[in-house]
1. Scan the stretch 86-119 for residues that are surrounded by fewer than 21 Cβ atoms within 10 Å (Cβ to Cβ), of a type outside the set (Gly, Ala, Ser) and not in a loop (DSSP other than H, G, I, E, B) and jot them down.
2. How many of the residues making up the stretch 23-32 are among the basic types (Lys, Arg) and either buried (at least 16 other Cβ atoms within 10 Å of the Cβ) or within 16 Å of LEU205 (Cα to Cα) (or both)?
3. Can you give me the number of residues within the stretch 146-160 that are free of Cβ contacts under 8 Å to residues at least 12 places away in the same chain and either part of a helix (DSSP H, G or I) or surrounded by 17 or more Cβ atoms within 10 Å (Cβ to Cβ) (or both)?
4. Looking for whichever is at pLDDT below 95, surrounded by fewer than 21 Cβ atoms within 10 Å (Cβ to Cβ) and not in a strand (DSSP E or B) here; the options are ARG59, ARG74. Which one fits?
5. Identify all residues within the stretch 162-211 that are crowded, with 22+ Cβ neighbours inside 10 Å, among the hydrophobic types (A, V, I, L, M, F, W, C) and assigned to a strand (DSSP E or B); write none if there are none.
6. Could you please find all residues in the stretch 102-129 being over 13 Å from GLY182 (Cβ atoms) and of a type in the set (Phe, Trp, Tyr)?
7. Could you list, ordered by first residue, the pairs with Cβ atoms under 6 Å in which the first is in the stretch 77-92 and more than 13 Å from ILE47 (Cβ to Cβ) and the second is part of a strand (DSSP E or B), at least 6 apart or interchain?
8. Scan the stretch 131-145 and tell me whether some residue there is more than 27 Å from LYS215 (Cβ to Cβ) and outside any strand (DSSP E or B).
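The values are calculated or read from the model by the stated rules, or taken from the named source; none is laboratory data. Please read these numbers as outputs of a predicted model, since none were measured by experiment. For neighbour counting, all protein chains shown are included, and Cβ atoms are generated from backbone atoms with ideal geometry for every residue, glycine included.
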Amino acid sequence: MKISVVTFPGSNCDEDAVHVARNILKVETVSVWHEEVELPSETDLVIIPGGFSYGDALRAGAIARFSPIMESVRSYAEAGGFVIGICNGFQILVEAGLLPGAMLPNASKKFICKNILLDVENTDSPFTSALDKDIPLGMPIAHHEGRYYIDDEGLAALKVNQQIAFRYRDENPNGSLESIAGILNKTKNVLGMMPHPERASEVLLGSIDGLGIFKSVKHTVEVKS
């Protein structure tokens, strides 16, 4: 298995993602600079990490979506390749049109950094197959524009297609519509989520609940191979 982690100017969780992929999952991992025009060959998973790409100028993710590498990411996703966007990565995928909806400033108008609990809404995807709907996941959030929004028609489609992956459990920290914390695209090979599973993948960090997301994809890739 090979994982490609994309880095933009302002990314600050790329090394966290690389560490989990390379040292915890024990898979080949490549860092990809945003100015590259092609993803590495034989990439099995693309991670768009958290941070503040381009300083969140205009809107979070609004400029990063135009980076040269994103055309390759788009083609890769449209061909069925697995892509996960975490925090700023989720914002970038929404801006790029690879996931529906919009990311708005938190309802509090403040940056939020805290540990939260997530409910797993869908275990029928490459990213959630190793998870249990009855077991909440604990992991951190850290964002200013994390309030997910979609219109009524879009929300209905998310529900019909079972595209809602995660919801905030005990509180809705940012005011997201229906407490949505993560969504899938219609074909379920692209996941975007505001919480940080890479920061909850080691006992040292206080939680390994995020590791199941990465293990799910790894298992899916190994089964396909």
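1. Listed by number, the residues that qualify are LEU104, ILE112, CYS113, LYS114, ASN115, LEU117, ASP119.
2. Qualifying residue count for the region: 0.
3. Final tally of qualifying residues: 5.
4. Going through ARG59, ARG74 in turn, just one is at pLDDT below 95, surrounded by fewer than 21 Cβ atoms within 10 Å (Cβ to Cβ) and not in a strand (DSSP E or B): ARG59.
5. Within the stretch 162-211, ALA165, PHE166, ILE180, ALA181, ILE183, LEU184, VAL190, LEU191, MET193 meet the criteria.
6. PHE111 - this is the single residue of the stretch 102-129 that is over 13 Å from GLY182 (Cβ atoms) and of a type in the set (Phe, Trp, Tyr).
7. GLN91/MET103
8. Of the residues in the stretch 131-145, the ones more than 27 Å from LYS215 (Cβ to Cβ) are 144-145.
If we keep only those that are outside any strand (DSSP E or B) as well, we get 144-145.
Yes; the residues of the stretch 131-145 include at least one that is more than 27 Å from LYS215 (Cβ to Cβ) and outside any strand (DSSP E or B).
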